[in-house]
Structures are given as C-alpha cells and as structure tokens.
Amino acid sequence: MAAGEAFTVDQRRGIERAIQYAEAGSGLVFSVYVGPAEGDSWAYAHQLLQQLPDPARSVVVLVDPAKRVLEVVTGSIAQRTLTDTECAFAVLSMQSSFSAGDLSGGIVAGLQQLGDHARTPTSLHTS
C-alpha cells in the first residue's frame, strides 16, 4: 500500500485485514494504492497491475484523494470471477464512505465487497 502515512496504525491494520479476507476465499491477490495517479488514472492503475508478481490473478484498487479518483482494475483471471458490475457496486460503496470523510473505512468496505463477490462458491455436491 503506498502513502501508508495517511492512515493510523489501526486503519492500516484494518485495510490489511480486509485484503487478507478478500484473498482468503477468492484465490486472488488484492492490492491497494493510495496516492497520486500519474496521468490517466485508469492507465496508471493498469500499469500498477502489470507490475505485480501475478497480474492475471490480481485486483488493484487505486485511490487518489487529491483528484477524487477511484479505480478498480482486474487481471485476466480475476475478471472471470469479479465482473465489472460487481466492481462498480464496490466502487459505489467506497465513494459513499469517502464522501462522508471515511477514507480507510471506504477502502475496507470495498475490499470486503470485492472479496465477497470473488469468493469461490461452496459446492454442496460431491462426485
């Protein structure tokens, strides 16, 4: 997470727990970047995604508070379980918290929602 100094220790821990929660049931890798987005925010978020060790299985949440920009980008494998519509719902949830002045709470809520949507469903049938 970049720009970690913008958060208290407890807020950072909350975000880290939300990342672990999202990753636990989905098999995806979640990353959060909070800071200035250089140039086009969507392109910058994709650039961050490509720099990760496993971009295909990754999800990047980019938040630029100064520009009031929020992007969620997914790798090719992550897109199979996390649709654009599901990402948009998480973005709306985050924006709601951000507008109330709760940056870390919005990130946590968005990560939890993304993690819930990306969870592998439990099969009740056995072979």
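FYI, it's all coordinate maths here, none of it is from the lab. None of the values given here were measured: they were computed from a predicted structure. So basically every Cβ, Gly included, is an ideal-geometry build from the backbone, and we count neighbours across all protein chains shown.
Rounded if a/c is under 1.5, else prolate if a/b is larger than b/c, else oblate: which is the stretch 1-62, with a ≥ b ≥ c the root eigenvalues of its Cα gyration tensor?
On the way: a/c = 2.81, a/b = 1.09, b/c = 2.57.
In terms of gyration-tensor shape, oblate.
Summing -39500 (n - 2.57) over the DSSP H runs of n ≥ 4 in the chain and dividing by its residue number, what mean residue ellipticity at 222 nm do you reach, to the nearest 500 deg cm²/dmol? List each step's numbers first, then the result.
Values: 5 runs with 64 residues, N = 127.
Result for the chain, helices only: -16000 deg cm²/dmol.
For F30, what residues show an amide H to amide H distance below 5 Å, using hydrogens built from the backbone and excluding near sequence neighbours?
V59
Using the Cα gyration tensor of the stretch 4-117, with a ≥ b ≥ c the square roots of its eigenvalues, what is the shape: rounded (a/c below 1.5), prolate (a/b larger than b/c) or oblate (neither)? If you can, show how the numbers build up before the last one.
Details: a/c = 1.42, a/b = 1.18, b/c = 1.20.
Here the stretch 4-117 falls in the rounded category.
Quick one: helix 84-99 against the long Cα principal axis of the chain, what's the angle to the nearest 10°, folded into 0 to 90?
For helix 84-99, the angle is close to 40 degrees.
Considering the dipole of the stretch 4-117 built from charges on the beta carbon (Lys and Arg +1, Asp and Glu -1) around the Cα centre, which of V108, Y21, S76 is farthest to its positive end?
The listed residue farthest towards the positive side: Y21.
Roughly what % of DSSP beta bridges within the chain run antiparallel, to the nearest 5? Mind showing how you got there, number by number?
Working: 6 of 13 bridges.
Taking every DSSP beta bridge with both residues in the chain, the antiparallel ones total about 45 percent.
With only Lys, Arg, Asp and Glu charged, each at its Cβ (+1 for the first two, -1 for the last two), find how big the charge dipole of the stretch 27-127 is about the Cα centre; round to the nearest 20 debye.
180 debye
By how many nm would the segment from D116 to S76 lengthen if fully extended, with 0.36 nm per residue of separation less the alpha-carbon distance?
On the way: separation 40, 0.36 × 40 = 14.40 nm, distance 1.85 nm.
Answer, rounded to one decimal: 12.5 nm.
Going by how many other Cβ atoms sit within 10 Å of their own, how do V34, V61 line up, fewest first?
Values: V34 20, V61 27.
With the sparsest Cβ surroundings first, the list reads V34, V61.
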